[in-house]
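Right, one structure below, let's go through it.
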Amino acid sequence: MPSHRDEAERPRQEPEIIPPDKDWPQRDSRFPPNYGFDERRGTHRIYVGRIGPLGFALFTIIAVLFGGVLLLALIGAALIWFPLLLLFAVIAAIAGLIRRL
């Protein structure tokens, strides 16, 4: 525990630094791998490239189509509820007229 409020807590254990030329420590084969069902160990590289004009156009088209479908769903929901709200308003008006009599 830090002695002062502003003082950061020190790590409880030193991190293990593995040199780049070494592989991860081998584990017992009875245990499943750490990540998914893959049996590979070691470093995995993920390459991320810049998006080109065609990729940007495809992404924009997909986003617009998704937005359009969402807008149609919202309009459809409003069109379903509008007659029901109108029906409730008419019933309330008729009930108000009957109550006055």
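Nothing in this text is a laboratory measurement; each read-out follows from the coordinates by a stated rule. On a predicted model such as this, the values are computed, not experimentally measured, just so you know.
Taking 0.36 nm per residue of separation and subtracting the Cα-Cα distance, full extension of the segment from VAL64 to ILE18 would add 11.9 nm.
Once the Cα-Cα distance is subtracted from the 0.36 nm per residue extended length, the LEU54 to LEU85 segment shows a gain of 6.5 nm.
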